[in-house]
Amino acid sequence: MKRFLMLSFLAFSISYAQDIVSKYIKGQIPPNPESNIWQKATPVKIPLSGQAIVAPMDLNPATKDITVKSLNNGKEIAFLISFKDEKPSYFRTNNTFSDAVALEVPLTPDDSTPITMGGNGKEVIILQWAAYRQNNLQNGYADLPKIEPNYYMDYWYPQAKPPYAWPKDWNNKYALDYTGGHVPYWKDTRNTSVIEFIADGYTTTTWKKHQEAKGLGIYKNGRWYVEIVRPFKVEDTINPIWGPGSKTFIDFAVWQGFYKERDSRKAISYSWIPLIIEGK
Amino acid sequence: MPKVYNWQLGREVEYLYEGVKPKRQFAVIMNLNKCIACQTCTMACKTTWSSGRGQEYMLWNNVETKPNGFYPLGWDIHLMEKLEEAKVEQVWENGVYKGKTIIEAAPTGERVLGWMPEDLDWANPNIGEDETAEEVDIGTVIDHFPNPIWMFYLPRICNHCSYPACLAACPRKAIYKRQEDGIVLIDPERCEGYQECVRACPYKKPMFNQVVGISQKCIGCFPKVEQGLMPQCVTTCIGRIRLMGFINEPDKIDPENPMDFLVHVKKVALPLYPQTGMQPNVYYIPPITVPIKYLRQMFGPGADNAVETYKRMREGKEPELQALLLLFGSTEFIPHKFKVEGDFVLAFDEKGNELVKVPLTEPIIMRPATDPKLGVTRQDIS
Ligand code: SF4
Ligand code: SF4
């Protein structure tokens, strides 16, 4: 009996910053952080600390640790990242920032890839989920009447419904060349709360045109539970070298908007964590 | 950290990047003695560039009353406070700034000594309008200057700085300075809406668009500038207080270039808070009715000379300067050179073609007070 108790204790305890094993499962991985399927994965607790290499930085970030689980079904890999957050933030307005979480994998499974978002030709793929993006998708775009319901203005809008393109017959050529072009707007018409970046060092993160990662964050009992799912291979774009039965590395970052965390003001895991992807 | 030469401060300053000079530098001169705060410039800019969603609160061009008006709230007071907190002494010696710039005074872990306006700080763009430094009692007559009762209007756009804080602060390198004209732009593709530029800019000219999720700012009407035209706020100015052109550095002064003549030769137009170290490229002819202490803080040690020169001009002792000011608001094309010829002042484009010829004295034609043909009295006789 004593022995059984001890075993079950071990089975439920959280391992601390060791390898992350992406458990192989059959069938679909539902986009739901609360799905029972997640009980099959082993949680790993990862300590985070403030990014202190480049300015601007935050030496005392709000997130001290995260708990990560991973599953894969041979085609897709999924991560469930959870962290304590007493002040969830869903909007970005003036001096207001949104919660976000990101994971980073080197393009080739090489732990000499600079953890600082790649570098020296060793690129990384970053998948970032953000609460504001999810909020935009779930509740409509966060435009002024939504954020400030009592705000009134008698000014005109080019077009009142998303996507905020300008009317085709609008003839202000200067504006069309710039503000009126679709350029500033394409980013906001994405249908996913997870954005995939490619980077080769600080300041170089670039949106990939092809975005197929999906995600869903649920806020419950003072914690975020964020699921991020990506096919191992996305057609017509650069993919990391990973798949069932392989090993690579992974790293995480968290931003708590309430504490003005954004960009390089973030909490990060300071070294590559081995990611072991189980095969069938 | 690399060093760049800032001629406005008379010394090298620290900057995040090596200085790469643009082929030429966009500059605007604004004569503060003439602004009437009609806000035509503000509306011209607003209707051209910032009428979209998420831009409701944005005024890339704004006009505020000094000393009590601000957009965003208290922007220059915050700047002064920040410098004071960082123990920066704003001291000049023989035209050289001895204090630290906002980049040199950046705290550990920051790129710039900045601050962040809140949403509400942007909500009162016309706060303090027409308020004077001291109260005005009924029956007060202001019969001399300087006077404790003073105010003036300060129109502001992005300064398209030579060493922009916005550019230095952006962790994504989304902000760039155009080689062809020195206009500073935010690349909407690269911007992720971190608002580091908003925090860093001492003049608070980048603004966050919460719908699009990126920061935006005055773009110097670059599509017009590319066609040889001056920006909207310049060409629509009712008070004819503005002129746009390209300014040279002091080692390459061309006295026939209107910008160089006003800034370098006559030294009558001065940068706004040059002590920030940005080398801003909007130059102001300071108002002559304002206490010189305030002007020195706002425009640097050149304020005394600028005021004196302007006063001399009003007495008819600076004919060339007076002539050049007549070109303000006389053409929509960018003047590259000017010349006074007889009773006229002329402006020329880049190729030397004449853009406009303005009489130094406006001809007055008087009509008789009555019209004998119609048998009526005329209201308007000049
Ligand atoms: S005024 Fe501000 S926004 Fe404009 S270039 Fe200078 S630092 Fe950048
Ligand atoms: S249009 Fe000219 S006079 Fe009117 S507020 Fe603007 S700068 Fe001043």
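Do you know which of the residues in the stretch B:193-220 that are hydroxyl-bearing (Ser, Thr, Tyr) and more than 7 Å from ligand 1 (Cβ to nearest atom) is nearest to the chain's Cα centre (by Cα)?
B:215
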Test: residue in the stretch B:166-183 that is surrounded by 24 or more Cβ atoms within 10 Å (Cβ to Cβ), away from chain A (no Cβ under 14 Å) and under 17 Å from residue B:17 (Cα atoms): no
Residue match in the stretch B:196-213 (condition: within 14 Å of chain A (Cβ to nearest Cβ) and of a type in the set (Gly, Ala, Ser)): yes
Residue check, residue B:268 away from ligand 2 (no atom under 16 Å from the Cβ), in a loop (DSSP other than H, G, I, E, B) and crowded, with 24+ Cβ neighbours inside 10 Å: yes
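Determine whether residue B:233 is closer than 19 Å to residue B:278 by Cβ, within 16 Å of the chain's Cα centre (by Cα), buried (at least 24 other Cβ atoms within 10 Å of the Cβ) and within 16 Å of ligand 1 (Cβ to nearest atom).
No: the conditions fail for residue B:233.
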Residue check, residue A:104 closer than 22 Å to residue A:204 by Cα, more than 14 Å from chain B (Cβ to nearest Cβ) and out of contact with any helix residue (DSSP H, G or I) (no Cβ under 9 Å at 6 or more places or on another chain): yes
Where residue B:122 falls short, out of the listed (1) in contact (Cβ under 8 Å) with a residue 40 or more places away in the chain; (2) within 28 Å of residue B:9 (Cα to Cα); (3) within 16 Å of ligand 1 (Cβ to nearest atom): (2)
Test: residue in the stretch B:7-24 that is surrounded by 23 or more Cβ atoms within 10 Å (Cβ to Cβ), among the hydroxyl-bearing types (Ser, Thr, Tyr) and within 16 Å of ligand 2 (Cβ to nearest atom): no
Qualifying strands (runs of 3 or more DSSP E) (wholly inside the stretch B:273-373; at least 2 residues being touching a residue at least 24 places away in the same chain (Cβ under 8 Å) and surrounded by 14 or more Cβ atoms within 10 Å (Cβ to Cβ)): B:282-285, B:337-341, B:354-359
Strands (runs of 3 or more DSSP E) lying entirely in the stretch A:215-280 (those with 1 or more residues that are touching a residue at least 24 places away in the same chain (Cβ under 8 Å), farther than 24 Å from residue A:115 by Cβ and within 18 Å of the chain's Cα centre (by Cα)): A:223-231
Residue in the stretch B:42-53 that is among the aromatic types (Phe, Trp, Tyr), within 22 Å of the chain's Cα centre (by Cα) and either modelled with pLDDT under 95 or farther than 30 Å from residue A:146 by Cα (or both) present: yes
Pairs with Cβ under 9 Å, 6+ apart, first in the stretch B:32-59 and away from ligand 2 (no atom under 12 Å from the Cβ), second among the basic types (Lys, Arg) and in a helix (DSSP H, G or I): B:55/B:46; B:58/B:46
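The values are calculated or read from the model by the stated rules, or taken from the named source; none is laboratory data. Remember, it's a predicted structure, so these values are computed and weren't measured experimentally. Positions of Cβ are backbone-derived with ideal geometry, glycine not excepted, and every protein chain shown enters the neighbour counts.
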